[in-house]
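Below is one structure, written out as structure tokens; comments come after it.
Here, each number is a calculation from the coordinates, and none is a lab measurement. Only a predicted model underlies this, so the values are computations on that prediction, with no experimental measurement involved. Note: ideal-geometry Cβ built from the backbone for every residue, glycine included; neighbour counts use all protein chains shown.
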């Protein structure tokens, strides 16, 4: 596709992303002035050591997590929407996020349901990440088995939705039998959180992001061919079953790791690719991939800034904020332009 | 005169689907040769296996028996990518993405030839430009796909297939859903592409009349018997087009080039200009009127149009054929 890469839009996006990044570092229960943070980023020390601790130990990992999760979720949503040729596809539809939820639910709540004790608070957040990853991988394996048996994409989509529904039901059963304390732990996890990541976790998350993006980067051209549907893509030399496996593995790693590290975060995966299409006015994945990644980072940073409730020590759950911001935004986008034609 | 080069051949070809031990044969003993520089029309009733044949030629479906040879090599030995450089298709799926412009869609056709990122080299750009010019869609190049009419969209899809630059173009019902003018235009365009760009163009169609006018070669695909191939006019003279018609009650009329009911010949005597007689016979045949009571005959006047029914010297005058048909029908009821 010949249209020039929209460098101006990307530059503006990067600037906006940087601005929100610094804003995120600045706001919270302790206000650190904007200028001081900008100075710290270029190497000047902060006037108070407590600020330094807050910045380095809490806010910086949180802002980086927002960027990583934003990129992971929107890139996996973009792949699914193109592969399934369905504007409503997103990380939730293949049941991956629900699978991660099931892993965490078993870890946190199965103890009272079955009398096991799987989780002691002393181990920190790692067992939760592990459980979520295992849950996501389990659903991923089931989906792969289905994909291996079924060649039709629409069937795969429906089976994914059904997996998600069944897994949610299992979680409800576990929740019903669990004790109040554990139920609360799980409920808090399911509200999502960008905070609390250590640098070791961030390294793991970044690694998962690079690993998960690789299949899409490798098959970028095939995604452009998929704009015309499977039959045409195949007539242009695209190996559909390889693309399907790549999509499943890539979205599994991306959405699975994002859910593992941050809990479920709604709307980013569905809404951001549509925003990227509208902003960049293209269907070319060579623009949409970086575009969605950038937009995902911006939107999640923005949502995180809002969840800080400026001027208050309270924070809102991030999953609620993304839905509250995301839902009206999608409705507005749909009403403003002819949505089905744009897709 | 040298004969045109053959690009695709098959003999003893069985088509169908295999699922486990279950074999569903759709067509048997097919034999054909596809020539470059010619427009070939594949005709046959619905469900006879035209689309299955197209899929098999595309290499997406293995043949149950026999082989299709592309440039002398069995098509199953080609990789998907290699086939995509030789065969481009226009399918019946509608592509209507608003975020895609006409030029971008045509550029998608270069996918088999480009590298990992799909960036277009000057050669690729040239091929895209040529495809856009050959299909006369330059004025549409910057429009979004959702703004096009069906006819324009079909030309754009043909341009994309041309840009893919295979020696073979396969089109599945390219004229379905189009109005008469667009059907003619698309078929003429395909014929021009076949002749000028030296492509082997194979299309499936139900548009017999336009196909007769434009095709260089017909492949007739009757139910349960091998393909009948040949120059359309030869097949007409040999009365071969009848194989397309399932029942004995219809036949292909050599004189008019149309499919007609095998009706009794009309015994009605009509006096008047030949070109008017034809339409009156047609209207009467439609209403199953093949004879008039004894000693009656019709005479026609051209302008103003008048139809006289003469009976023993008396005559009744009608202003339109409908009046006359209504009169006859009333007569038969009472």
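Here are the numbers:
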item	result
R0 of 60 Å, Cβ-Cβ distance residue B:251-residue A:166: FRET efficiency to nearest 0.05	0.50
Cα→Cβ-extended label distance, 7 Å offset, between residue B:312 and residue B:130, nm	7.9 nm
Value of relative contact order over chain B, rounded to a whole percent, pairs C-alpha under 8 Å and six or more apart	17 percent
Cα-Cα P(r), the range A:185-343, percent of pairs per 5 Å interval	2, 8, 14, 18, 19, 16, 12, 7, 3, 1, 0, 0
For the protein assembly as shown, radius of gyration divided by Kirkwood radius, i.e. Rg to Rh on alpha-carbons	1.14
Chain A - mean residue ellipticity at 222 nm from DSSP helices (-39,500 (n - 2.57) per run, n ≥ 4, rounded to 500)	-24000 deg cm²/dmol
Computed log₁₀ I(q)/I(0) - Debye formula, equal Cα scatterers, no solvent, chain A, q 0.07, 0.10 Å⁻¹	-0.30, -0.61
Structure-based [θ]222 nm, chain B - -39500 (n - 2.57) summed over DSSP H runs of at least 4, per residue, nearest 500	-9500 deg cm²/dmol
Semi-axes of the equivalent ellipsoid for the range B:6-244, Cα gyration tensor, largest first, Å	29, 22, 16
Peptide-level mean, for A:281-289, of C-beta atoms on other protein chains within 10 Å	3
Folded to 0 to 90 degrees: helix B:150-163 orientation relative to chain B principal axis, Cα	40 degrees
Fewest-first sequence of A:298, A:56 by Cβ atoms within 10 Å of each Cβ	A:56, A:298
The range A:140-269: radius of gyration over Cα atoms, expressed as a fraction of 2.2 N^0.38 Å	1.27
Paramagnetic reach from residue A:334 in the range A:264-283 [backbone N under 12 Å; point 7 Å along Cα→Cβ]	A:271
Fully extended contour minus Cα-Cα distance, from residue B:223 to residue B:281, at 0.36 nm per residue	17.6 nm
Gaussian network model of chain A, springs between alpha carbon atoms under 10 Å - residue of A:147, A:276, A:297 with greatest fluctuation	A:147
Most fluctuating residue given options B:137, B:300, B:237, as computed from a GNM of chain B linking Cα atoms under 10 Å	B:300
Ranked by how many other beta carbons lie within 10 Å on average, peptides B:240-246, B:179-185 from highest	B:240-246, B:179-185
Pair residue A:187, residue B:260: separation of 7 Å Cα→Cβ label points (nm)	8.4 nm
Highest-MSF residue in chain A out of A:269, A:99, A:164 [GNM, Cα springs under 10 Å]	A:164
Exercise: per-residue mean of other protein chain Cβ atoms within 10 Å, A:235-245	5
Volume in Å³ per residue [convex hull over Cα atoms, computed for the range B:108-182]	113 Å³
Gained length - residue A:11 relative to residue A:126, 0.36 nm times residue gap less alpha-carbon distance	37.7 nm
Partner chain coverage, peptide B:99-111 - average Cβ within 10 angstrom	6
Mean separation of Cα contacts under 8 Å (6+ apart) over length of the range A:7-342, as relative contact order %	30 percent
Per-residue Cβ neighbour rank within 10 angstrom, fewest leading, B:133, B:107	B:133, B:107
Percent of Cα pairs exceeding the 20 Å cut-off, where the set is the range B:1-104	48 percent
Pairwise Cα inverse-distance average, inverted: Kirkwood Rh of the range A:239-317 (Å)	14.5 Å
Values of log10 I(q)/I(0), in the order q = 0.23, 0.25, 0.27 Å⁻¹, for the range B:270-333 under a Debye, Cα-only, solvent-free model	-1.06, -1.27, -1.47
Nitroxide proxy distance, nm - points 7 Å out along Cα→Cβ at residue A:152 and residue B:302	6.1 nm
Ranking of B:326, A:304, B:308 by count of other Cβ atoms within 10 Å, fewest first	B:326, B:308, A:304
